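A short worksheet on the structure shown next.
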Amino acid sequence: MKENIFPAIRITLVCLLFFSGLYSLINLGAAQLASNNGKGDTIIQNGKTYFTNVGQQFTDDRYFYSRPSAVAYNAAGAGGSNKGPSNAGYLKTIRDRLDTFMVHNPGVNKSDIPSDLITASGSGLDPHISVQAANVQVKRIAKIRGIAKENIQQLILSHTEMPLLGLFGTERINVLKLNIALDKLN
């Protein structure tokens with residue numbers, strides 16, 4: 001018995017020291033190398049601080065809509081709905097989002113609405129939408145703000161983030177940054 005218990009105690013103490021101490025310090029050090037010392041990318045607008053790497057809710061028709069969130073944009077509780085396409089409740093949620101979008105964007109064909117405008121991301125906190133999701137909202141925003149569609153499309157183009165190294169991911173747009181630029185356009 002002694003030959004089993006002492007090695008088990010030793011490995012427990014080594015793991016305790018490593019995972020509660022050294023590993024935490026390594027992560028803290030790595031965070032210090034990140035932008036804003038690991039506190040997240042922020043923008044200060046009108047005296048209020050916004051995190052650009054966490055999704056924000058925009059429901060005013062004057063702005064580009066964000067991707068829906070399964071966690072009500074609460075960064076403390078990130079997570080998806082974990083409901084599949086055969087779940088009746090999930091399908092109702094998707095239909096409701098689609099109907100709401102159609103009410104606010106008359107004249108848009110349902111087939112032109114990209115999935116990222118009606119489905120939440122896995123974390124529920126995605127700060128980005130696709131270029132297609134931005135373009136499908138141009139008509140509404142141009143009409144409400146009295147801005148030429150071409151000016152808004154140019155704004156979309158200038159805020160489009162390309163895939164990492166041109167290979168990984170898709171083109172995307174940070175909704176918060178786009179909406180702040182949209183306010184400056186007026």
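The values are calculated or read from the model by the stated rules, or taken from the named source; none is laboratory data. What you see is a predicted model; the values in this text were computed from it and never measured. All Cβ positions, even for glycine, are placed from backbone atoms using ideal geometry, and neighbour counts span all protein chains on display.
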Task: Residue that is farthest from SER115 (Cα to Cα), among those in segment 154-184 that are touching a helix residue (DSSP H, G or I) at 6+ places or on another chain (Cβ under 6 Å) and in a helix (DSSP H, G or I) - done: ALA181
TODO: Quick one: which residue in ALA34, ALA75, ALA70 is in contact with a Ser or Thr (Cβ under 7 Å, 6 or more places away or on another chain) and small (Gly, Ala, Ser)?
DONE: ALA70
Task: Subset of segment 101-116 (residues that are among the polar types (S, T, N, Q) and either surrounded by 14 or more Cβ atoms within 10 Å (Cβ to Cβ) or in contact with a strand residue (DSSP E or B) (Cβ under 6 Å, 6 or more places away or on another chain) (or both)) - done: ASN105
Open item on the list: Looking for something loosely packed, with under 14 Cβ neighbours inside 10 Å, within 29 Å of GLU150 (Cα to Cα) and at pLDDT below 90 - is there at least one such residue anywhere in segment 80-93?
Closed with: no
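Out of everything in segment 82-101 that is among the polar types (S, T, N, Q) and assigned to a loop (DSSP other than H, G, I, E, B), what residue ends up being nearest to the chain's Cα centre (by Cα)?
The selected residue is ASN82.
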Open item on the list: Can you confirm whether GLY79 is of a type outside the set (Ser, Thr, Tyr), on the phi > 0 side of the Ramachandran plot and out of contact with any Asp or Glu (no Cβ under 9 Å at 6 or more places or on another chain)?
Closed with: yes
- [ ] Could you check LYS139 against (1) surrounded by 12 or more Cβ atoms within 10 Å (Cβ to Cβ); (2) out of contact with any Gly (no Cβ under 8 Å at 6 or more places or on another chain); (3) farther than 19 Å from TYR50 by Cβ; (4) among the charged types (D, E, K, R) and say which number it fails?
- [x] (2)
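Per-residue answers, yes or no, for (1) in a helix (DSSP H, G or I); (2) over 29 Å from SER81 (Cα atoms); (3) at pLDDT 95 or above:
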residue: VAL103; (1), (2), (3): yes, no, no
residue: VAL108; (1), (2), (3): no, no, no
residue: ASP116; (1), (2), (3): yes, no, no
residue: ASP126; (1), (2), (3): no, no, no
residue: GLN132; (1), (2), (3): yes, no, yes
Task: Candidate set from segment 14-70 (those that are surrounded by 11 or more Cβ atoms within 10 Å (Cβ to Cβ) and of a type in the set (Lys, Arg)); member that is nearest to the chain's Cα centre (by Cα) - done: ARG67
